[in-house]
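J.: Encoded as structure tokens, here's the structure I'll be asking about.
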Amino acid sequence: MELGTYVNDLQSQLVAAAENGNDEVTAIAERLASGLDATARLVLLDALSAAAGEITRELAPGSVDLRLRGREVEFVVVHATPEADADSAAEASVDLDEPSTSRTTLRLPDALKARVDDAAAADGLSVNTWLVRAIATAVQPKQRRSAQRTSRTGDSFAGWAR
């Protein structure tokens, strides 16, 4: 999706609205319109991102993600498979249908980011969806406790015996 068309429409409408005024108003509107490009793109991206978030909540465990490549926006739709539905119902105690979401910046080492990208691609998921599922699984108290018990009470022993 090319945002330039929408930005150009906004700029044209601003200039057209100012044409009812005098020459000074028209000149000011033209200067304002030329500076709108970056701001309008950011506002459109925010609106599209919010829309993708709302759609994702309705599709859960499927998802819709927004990708920016250069100046073009792409929507990526991941459909949930029946087995993914069963897996996520069994694994996730986090309410993925919660109406509110939070935006978080996550800084990863490049090598780890590459591994996350590969894992998400192997699962047929977007990186965002893969990370949400990984985090939801990691914060489940029951799984964390059972993992800690397993590491303390295994059947293998190390060391010397007399």
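J.: Could you give every pair whose Cβ atoms fall below 7 Å, whose first residue belongs to segment 51-64 and is closer than 11 Å to V76 by Cα, and whose second residue is part of a helix (DSSP H, G or I), counting only separations of at least 6 or pairs across chains?
T.: S63/T56; S63/T129; V64/A52; V64/I55; V64/T56
J.: Moving on. Count, please, the residues in segment 117-159 that happen to be part of a loop (DSSP other than H, G, I, E, B) and modelled with pLDDT under 60.
T.: Within segment 117-159, residues that are part of a loop (DSSP other than H, G, I, E, B) and modelled with pLDDT under 60 number 7.
J.: Do you know which residues across segment 68-83 are free of Cβ contacts under 8 Å to residues at least 40 places away in the same chain and either exposed (fewer than 12 other Cβ atoms within 10 Å of the Cβ) or touching a helix residue (DSSP H, G or I) at 6+ places or on another chain (Cβ under 6 Å) (or both)?
T.: Listed by number, the residues that qualify are R69, G70, H79, P82, E83.
J.: Identify the residue in segment 5-61 that is over 17 Å from R71 (Cα atoms) and not in a helix (DSSP H, G or I) and, among all such residues, is farthest from the chain's Cα centre (by Cα).
T.: Restricting to residues being over 17 Å from R71 (Cα atoms) and not in a helix (DSSP H, G or I), the top hit is N22.
J.: So in segment 29-67, with the set limited to residues that are touching a helix residue (DSSP H, G or I) at 6+ places or on another chain (Cβ under 7 Å) and open to solvent by 70 Å² or more (accessible area, probe 1.4 Å), which one is nearest to R133 (Cα to Cα)?
T.: Here the answer is L32.
The values are calculated or read from the model by the stated rules, or taken from the named source; none is laboratory data. Source: prediction; values computed, not measured. Backbone-built Cβ (ideal geometry, glycine too); neighbour counts: all protein chains shown. SASA here: full protein model, heavy atoms, side chains in, ligands and nucleic acids out. Shrake-Rupley method; radii C 1.70, N 1.55, O 1.52, S 1.80 Å.
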